[in-house]
Every structure is written in C-alpha cells, then in structure tokens.
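Undergrad: Could you have a look at this structure, given as structure tokens, before my questions?
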Amino acid sequence: MSMTAQAIDLHAHWLPNVVAQALRQRSGQVPRIDTLSDGSERQVMPIGTLNFGVNYTAGAQRLAHMAQSGVSKQMLSLPGLFGIDSLPLDQSAPLVRIFNDACAGLCQAHPERFCGLAALPWVDLDAAVAELRRARLELGLLGAILPVDAFRSEASAARLLPLFEAAEDLGAHFFVHPRCMPKSENLLMVEPDHELARRALAVQHDLGQAMVTLLLSDFLRPWRNITVQVAHLGGTFAAVVERMDQSLSLRGPTGTIPSSRFRSVWVDCASLGPKALEQAVSVFGADRVVLGTDCPIFDTEQTLSGIRRSRLSVADQALILHDNAAALLARLA
C-alpha cells in the first residue's frame, strides 16, 4: 500500500444537492447558484464567484475521486465563504439544518469514508449552540466549522464562550476557516488589481490573527474536550513568529514568548506547498499538522504531491497524511 493510500483529509467541502437546489432558487440574492448561457453553473458568494459542478454535490463521484487520489477519508464541511451560515436567521437556520442532516446521512452511509462538521447559523448564538447540540447528539457530526473572524481578538472570541461551554460538555472538534461573522466590517475585500494574489494574502493574514488569539491568550486553556484545527497552516503566524519573539523580548512585557505556545491547536496544509509545509513543521512540529486539501475548491493531487516533494522525513509525512488525523478522530469516536 502506498504512503498516501490511507490519507485522511480534514479540510474538504461538500454541498448536498438539496442545498444546491435551494441556492438555485435564490434569484438575484447572495449567495445563489446561477446557470450560465452555456449551461454551466456559477456559485455567487459575498466575496466573488466560483465555478460550480457535480464535484461539489455528487457523493459517488467524490468517492471515486478519493480512491483515485489515495484518500481514505474526508471530514466534510460547508464552506463559510459561501455565505449561507451568515444569512438572517429565517434563511440560514433552515439551510444549515438541511446541510447538517444531509451531511450526517452521507457519513452514516459511508462511515469509513466520511465524517462531518456542522454548519451553524451565526447571526444568533443561541440558535448556533442549539444546532451544535443537535448535530453532535442526534446526527453524530463531530463538531462545527467556525469563522476565522470570530477570533480576530480576545474580545471577539469571548462572544463564543457559550458555544465552547456547550462543546466542552459534548466533546467536539472546531475547524477555524476563512469567513467573516454576520455584519462584520472585516469582509475580505481587496484592491481589484492582482485580486487573487491579494486575496490569498488577506486570507493568510486573517488566519494569523486568529492564531495570535488562540495561542497567545488563555482562551483555550479551560477546554479539555475540545480540539481546534486552523486552516491553511495557521496563516502567516509561522512566518512571523520569530519577529514576534524578538519584538516582545525588546519592547514587550516579560513572560512567555510566542514560539513556546504551539501545543493548543492543529493546522492543516490545504492549498499550500512544500516550502510552506516545511516551515510550519519547523515551527509547530509534525505532530501538529494534518492533511487538508480544500477539495473540491483546490487540487487534491497538488497538495499530496507537495507533501511527497517536501524535505520532511517519511515518518513526518506519515504523521501529516494519516496518523495525526486518525488520533484526532479517535478522540471523538
């Protein structure tokens, strides 16, 4: 069996047909799915558009793609960038409930191949807590996908305390992913020139800000039954942590330096290559990095190839491809 034959992907997205059909009916609204003149479809999101096809919706096609790529299991989530979970409650609550029911159904039909995270209606925290409880207790989903914007500061993270308190009782995995909270002023808007490059930087910046909150504060300290995963190698944090250390040593208060606070979260390697992966492993340790592909938005094969082409040892590559994720999932069994 090849090294990637048992790979476990903890950053993959899915949109069930029933949710896609609801988005097709939202003519003129955001988010929605438009049919173009050539018959193809396009997802219209708060920050732009994406081509849309059966690679988002078809379970059988996803299983075939996983088998071809050597991925044995995916953890599925609803991408926050689609904007569904930030709609007004009368719109978001039924849509996330439909997604969660469908995701749980797919996971129950293929328990060895899929596990899932709940989408939550972020405009109402009480409703979000209730949906997390339903997803965990009734549906068997493992936790929830959370918007990175919620961790922009300690003050913003504190607003999620009721959700973390519920998750502590339930045992849960939280996945911090690019997306703004409803009515946030921090929407990922960038200058129109070189937009894709600027947006990639903006995404990594926001994730780095969340890492500062999660790692350098005591926000995560009380929770023993919650695991936290941050997307895209935790953004810019690994690249800048040495500057943080030096800045604090020269001008900051005495105390723990940032580079000693890495054991609270895991990061996934979605959409990044071997150089970024090597840097993250040198900072966080191979035991804190998990495979993520951002399938189907990004290319699974390119991510797997990046791991294989890296200068990491075979043992470290195995940790990232399978072992770390298997240990995380075992905690939630």
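Undergrad: Run through all the Cα pairs of the stretch 126-263 and give the fraction in each 10 Å bin from 0, expressed as whole percent.
TA: Pairs per bin, as whole percents: 11, 37, 33, 16, 3, 0.
Undergrad: Sorted by average packing, counted as other Cβ atoms within 10 angstrom per residue and highest first, what order do 21-31, 169-179 take? Don't skip to the answer; put the middle values down first.
TA: Values: 21-31: 13.1, 169-179: 22.3.
The most tightly packed comes first, giving 169-179, 21-31.
Undergrad: Between Ala155 and Thr256, what is the spin-label point distance in nm, taking each point 7 Å from the Cα along the Cα→C-beta axis?
TA: Result for the modelled spin labels: 2.4 nm.
Undergrad: Just subtract the alpha-carbon distance of Ala20 and Ser37 from 0.36 nm times their residue separation and send over the number in nm, one decimal.
TA: On the way: separation 17, 0.36 × 17 = 6.12 nm, distance 1.86 nm.
Stretched out fully, the Ala20 to Ser37 stretch lengthens by 4.3 nm.
Undergrad: Relative contact order (percent) for the stretch 67-124, with alpha-carbon contacts under 8 angstrom and 6 or more residues of separation?
TA: Value for the stretch 67-124: 48 percent.
Undergrad: Of Leu163, Leu142, Gly59, which is farthest on the positive side of the dipole of the stretch 52-205, counting Cα position, with +1 on Lys and Arg Cβ, -1 on Asp and Glu Cβ, and the Cα centre as origin?
TA: After comparing all options, I get Gly59.
Undergrad: Search the structure for amide H atoms under 5 Å from the amide H of Cys115, placed 1.01 Å from N in the peptide plane, and list their residues when 5 or more places away or on another chain.
TA: For Cys115, the qualifying residues are Gln74, Met75, Leu76.
Undergrad: Let me ask something else about it. Looking at the square roots a ≥ b ≥ c of the eigenvalues of the Cα gyration tensor of the stretch 1-156, which shape do they give, rounded for a/c under 1.5, prolate if a/b is larger than b/c, or oblate? Could you put the intermediate results ahead of the total?
TA: Values: a/c = 1.69, a/b = 1.14, b/c = 1.48.
Here the stretch 1-156 falls in the oblate category.
Undergrad: Take each complete run of DSSP H in the chain, measure how far its Cα atoms stretch along the helix's own axis, and keep only those covering 27 Å or more with mean Kyte-Doolittle hydropathy at least 0.0; list them. Write out the running numbers ahead of the final one.
TA: On the way: long enough: 89-109 (30 Å, 0.49); 195-216 (31 Å, 0.59).
Flagged H segments are 89-109, 195-216.
Undergrad: Please work out the Cα center distance from the stretch 251-315 to the stretch 92-143, rounded to the nearest Å.
TA: 27
Undergrad: Given points 7 Å out from each Cα along the Cα-Cβ axis, report the Asp193 to Gln108 separation in nanometres with one decimal.
TA: It is 5.5 nm.
Undergrad: Give me the dipole magnitude in Debye, nearest 20, for the stretch 1-157 about the Cα centre, with unit charges on the beta carbon: positive for Lys and Arg, negative for Asp and Glu. Kindly include the intermediate steps, with their values, before the conclusion.
TA: On the way: 12 positive and 14 negative charges, 56 e Å.
Dipole size: approximately 260 debye.
Undergrad: If you don't mind, there's one more thing I want to ask. Tell me, what ³J(HN,Hα) does each residue in the stretch 312-323 have, in order and in whole Hz, if you take phi through Karplus 6.51 cos²θ - 1.76 cosθ + 1.60 with θ = phi - 60° and put x for Gly and Pro?
TA: Values per residue, Gly and Pro as x: 5, 5, 4, 5, 5, 4, 5, 4, 6, 6, 9, 5 Hz.
Undergrad: Assigning unit charges at the beta carbon (Lys, Arg +1; Asp, Glu -1) and nothing else, what dipole magnitude in debye, to the nearest 20, does the stretch 153-229 show about its Cα centre?
TA: On the way: 7 positive and 10 negative charges, 21 e Å.
For this selection, approximately 100 debye.
Undergrad: Same structure, new question: Relative to the present Cα-Cα distance, how much length would full extension add between Ala239 and Arg308 at 0.36 nm per residue of separation? Before the final figure, lay out each step's value.
TA: Details: separation 69, 0.36 × 69 = 24.84 nm, distance 2.16 nm.
Result: 22.7 nm gained on full extension.
Undergrad: With the contact rule set at Cα under 8 Å and sequence spacing of 6 or more, what percent relative contact order holds for the chain? Walk me through the numbers on the way to the answer.
TA: Working: 617 pairs, mean separation 55.5, N = 333.
Computed over the chain, the figure is 17 percent.
Undergrad: Beyond 15 Å, what share of the Cα-Cα pairs of the stretch 68-114 is found? Please give it as a whole percent. Provide the component values of the computation, followed by the final result.
TA: Details: 578 of 1081 pairs.
When all Cα pairs of the stretch 68-114 are counted, 53 percent exceed 15 Å.
Undergrad: Let me ask you something else. Using a Förster distance of 22 angstrom, determine the FRET efficiency expected from the C-beta separation of Leu201 and Ser247, and round it to 0.05.
TA: Numbers: r = 21 Å, r/R0 = 0.94.
The formula returns an efficiency of 0.60 here.
Undergrad: Nearest 5 percent is fine: what portion of the DSSP beta bridges confined to the stretch 19-126 is antiparallel? The partial results should precede the final answer.
TA: Numbers: 9 of 12 bridges.
Here the share of antiparallel DSSP bridges comes out near 75 percent.
Undergrad: Could you state the principal axis extents of the C-alpha atoms in the stretch 89-150, from the largest down, to the nearest angstrom?
TA: 33, 23, 17
Undergrad: Express in nm, to one decimal, how much length is gained between Asp218 and Ser27 on full extension, taking 0.36 nm for each residue of separation and deducting their alpha carbon distance. Write out the running numbers ahead of the final one.
TA: Working: separation 191, 0.36 × 191 = 68.76 nm, distance 4.47 nm.
Additional length available on full extension: 64.3 nm.
Undergrad: While we're here: Along the principal axes of its C-alpha atoms, what lengths does the chain span, in descending order and rounded to whole Å?
TA: Computed over the chain, the largest-to-smallest principal extents equal 58, 47, 47 Å.
Undergrad: Next question. Highest first, please rank the peptides 49-56, 200-207, 234-241 by the mean number of other Cβ atoms sitting within 10 Å of their residues.
TA: Numbers: 49-56: 16.1, 200-207: 18.8, 234-241: 22.2.
Highest-to-lowest ranking by the protection proxy: 234-241, 200-207, 49-56.
Undergrad: Give me the percent relative contact order of the stretch 110-210, please, defined on Cα pairs under 8 angstrom at least 6 residues apart.
TA: Numbers: 124 pairs, mean separation 28.6, N = 101.
With pairs under 8 Å counted, the relative contact order is 28 percent.
Undergrad: Could you order peptides 39-45, 134-140 by the average number of other Cβ atoms within 10 Å of their residues, highest first? Provide the component values of the computation, followed by the final result.
TA: On the way: 39-45: 15.3, 134-140: 17.3.
My ranking of the peptides, most packed first, is 134-140, 39-45.
Undergrad: Please give the charge dipole size of the chain, origin at the Cα centre, charges +1 on K and R Cβ atoms and -1 on D and E Cβ atoms. Round to the nearest 20 debye.
TA: Values: 29 positive and 33 negative charges, 68 e Å.
Using only the charged Cβ atoms, the result is roughly 320 debye.
Every number here is computed from the coordinates shown, using simple stated rules; none is lab data. Predicted model, so just to flag it, every value in this text is computed and none were measured. Cβ sites come from the backbone with ideal geometry, for glycine too, and all protein chains shown count toward neighbours.
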